[in-house]
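Any read-out appearing in this document is the output of simple, stated calculations on the displayed coordinates, not a laboratory observation. What you see is a predicted model, and the numbers here were worked out from it, not measured in a lab. Here Cβ is always computed from backbone atoms with ideal geometry, including for glycine, and neighbour counts include all displayed protein chains.
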Amino acid sequence: MSYITTIGLEVHVQLKTRSKMFCACPVEFGAEPNSHTCPTCLGLPGALPVMNHEAVRMTVITGLMLGCDIAPTSKFDRKNYFYPDMPKNYQISQYDMPLCENGSVPLHDLAYPKDAQKTIATPDKEVHLVRIHLEEDVAKSFHFESSTGIDFNRAGTPLMEIVTQPAINSPEEAFAFLTSLKQLLIYGAVSDADMEKGQLRCDCNVSVRPEAQAELGAKIEIKNMNSISGVRRALAYEIQRQTGALERGEKLRQETRGWDDAIGETFLMRTKESAHDYRYFPDPDLVPVKSEMLLEEARARIPELPRAKRTRFVEQYQVSSYDADVLADDLELARYFETAANGAKKPKNVANWILNDLQSALSSASKTISDCPIPPEALDELVNLIESGKISGKQAKEVFAEMFASGKPATKIVKEKGIEQLSDTGEIEAFCDQAITANPKPAADFKAGNAASLNFLKGQVMKLSKGKANPQLAGEILERKLKG
Amino acid sequence: MAKTADLDVAYVAKLARINLTEAETQLFQKQLGSVLEYVEKLRGVDVSQVEASAHAVPMFDVFREDEPRDWFTAKEALSNAPRQANNLFIVTKVIE
């Protein structure tokens, strides 16, 4: 029997603000526990929350980038529950009037896992969203043998929750969704979206049903994934587990499962016996938000999005559409390319150097473009040295390796190594005369119509010049001399 | 709005982590019931011309700019904690 998989994601994103959502405590990862706290984020009696303007703006920026409808009026509510990571016994969140609704995330081919890019089920798919709302994060818990330790530094930091429609149909699409979303969040400068640092956290709802069945299968939630590839693995495992259970005639029930990445299995955390009753109500300490002014500020801060950047790279720099895709895929790489391509006669050659030599050098040195030892202007200089015939393509590889190792500029390396290509016609002519005189037979062969003999003579010129002669020029001069 | 009959004091007490005796449950059921009954009077008011609001005062957009400042040190933050270790608040072990 064949089965249909339905996946919906709830993604939590830490916003890149300097201070918390409802108080001015600093937001800092890895600080001494409980050192960034105040009466408000510790839930002390009488403390009042005040909204962080920038956090609301960043949420509206995200909503605009994802094509959401921005609510004209929005409000904050209290979500009531008891848990030690939430000292007020309620979390300030948004219930029925979130800042953003609808919208979508386009899945680009390169956002899929590398091994799945050739078998994309629905090319150019857009995953539609239900909503984006803003809330406060809870404290971090450390579970010890017989007790739990709580650090409130994270409590009250701004957290954006993005909820998708149940419109994702495979682990690969979930991977592509998270990769595309992360890219947009980085483009918009609203979050660093590093899953391993907990800046982007994701809960997956996944259900499997026989193809003939109309209603969705039992919704099973998976938590605890800390990488995008972990989400893919957890979903693949869970789909297989659920399909296997259905095939054996077992009945699946709604439950929450955790993912153990080391073992590669999900495990039961809890079954949903009674639905949570959070008794949401509007927070009387906070007034509603009108988005009119925010929209104006947010619109001014919408960056060029990946799709537009790809198109522009093709038009402005004449790079191939695949190269444009790869360059625009990483904002830092795109910035590097544009800086380098600015002064280039042939930006396409700059792109080739970045995508081939530079990227492979970076990856073998385990570096990223942000800590690249060659500044973009220096790469541009190297490419221009080749263009102007000062060094050959082969020599350029050698210079490039030295630039990468030492960080020295290309011109300096060329001088030091004495590898400047000889493009002085007079000197090359002298070498050509020598080569013809010393090798009368090949010279005669060429005159008799054996074109291959020219290569032999060219090789002699290169030898005489110790590899410095511009090979193209040498060939032209030899030909002229022999034919003339 | 909740009808008096919808009020389940035992359930609300459970959500609020309050232990009530059977006698207390019955007493509060009766007392809170009459409070709700009183509030029911609002149902009689014509609100067709009144715009829905989320707050008692018509006020919007009270923000602060994103400027951080320090307040408590870890020592101060933990000064009321019944149990602490390594600058963490220590509580009974919880795994949801």
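When Cβ neighbours within 10 Å are restricted to other protein chains, what is their mean count per residue of peptide A:74-81? Can you show the working numbers first?
Numbers: counts 2, 4, 1, 1, 0, 0, 2, 1.
Mean inter-chain Cβ contacts per residue within 10 Å come to 1.
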Q) Over the C-alpha atoms of region B:4-43, what are the Rg and the largest Cα-to-Cα span, Dmax, in Å? A) 10.9, 33
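Take peptides A:5-14, A:27-36 and line them up by average Cβ neighbours within 10 Å, highest first, as a rough protection proxy.
Details: A:5-14: 21.2, A:27-36: 18.1.
Highest to lowest by the protection proxy: A:5-14, A:27-36.
When you look at the Cβ of every residue in B:76-82, what mean number of other chain Cβ atoms sits within 10 Å?
4
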Q.
Which one, A:Asn102, A:Ile354, A:Gly198, projects farthest toward the positive side of the charge dipole computed for the protein assembly as shown from Cβ point charges (K/R +1, D/E -1)?
A. A:Ile354
(Q) For A:Lys79, give me every one of the lysines with a C-alpha distance below 16 angstrom, ignoring sequence neighbours fewer than eight places off in its own chain. (A) A:Lys88
Q: List A:Cys38, A:Cys204 from most exposed to least, where exposure is judged by having the fewest other Cβ atoms within 10 Å.
A: A:Cys38, A:Cys204
(Q) How large is log10 of I(q)/I(0) for chain A at q = 0.12 Å⁻¹ when the intensity is taken from the Debye formula with one equal scatterer per alpha-carbon? (A) -1.12
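Can you sort A:Asp433, A:Asp371 from fewest to most other Cβ atoms within 10 Å of each residue's own Cβ?
Working: A:Asp433 14, A:Asp371 10.
So the residues, fewest neighbours to most, are A:Asp371, A:Asp433.
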Q.
Distance between the C-alpha centers of region A:51-110 and region A:258-299? Whole Å please.
A. 8
(Q) Only sites in a loop by DSSP and with at most 14 other Cβ atoms within 10 Å count here; which GluC sites (Glu not before Pro) in region A:259-312 make the cut? (A) A:Glu273, A:Glu304
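Taking the Cα centre of chain A as origin, work out the dipole magnitude from +1 charges on Lys and Arg Cβ and -1 charges on Asp and Glu Cβ, in debye rounded to 20.
Computed charge dipole of chain A: roughly 1280 debye.
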Q | Across A:Lys16/B:Lys75; A:Lys346/A:Lys468; A:Lys417/A:Lys468, pairs whose alpha-carbon gap is larger than 21 Å | A | A:Lys16/B:Lys75; A:Lys346/A:Lys468
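Go ahead and estimate [θ] at 222 nm for chain A from helices alone: -39,500 (n - 2.57) per DSSP H run with n ≥ 4, summed, over the residue count, rounded to 500.
It lands at -11500 deg cm²/dmol.
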(Q) Defining a contact as two alpha carbons under 8 Å apart and six or more residues distant in sequence, what relative contact order in percent does region A:3-297 show? (A) 25
Q | Student exercise, region A:406-449 dipole from Lys, Arg, Asp, Glu Cβ charges, in Debye to nearest 20 | A | 260
Q: Please go through region A:126-213 and write out the GluC sites (Glu not before Pro) that DSSP classes as loop and that have at most 13 other C-beta atoms within 10 Å.
A: A:Glu145, A:Glu211
(Q) Which entries of A:Lys20/A:Lys197; A:Lys348/A:Lys463; A:Lys390/A:Lys415; A:Lys290/B:Lys41; A:Lys394/A:Lys466 have Cα-Cα distances beyond 20 Å here? (A) A:Lys348/A:Lys463; A:Lys290/B:Lys41
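Could you give the dipole magnitude of region B:4-43 about its Cα centre, charging the beta-carbon of Lys and Arg +1 and that of Asp and Glu -1, in debye to the nearest 20? Display every interim value, and only then the final one.
Values: 5 positive and 6 negative charges, 27 e Å.
Around 120 debye, computed over region B:4-43.
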Q) What order do you get for A:His133, A:His53, A:His128 when you list them from fewest to most C-beta neighbours inside 10 Å? A) A:His128, A:His53, A:His133
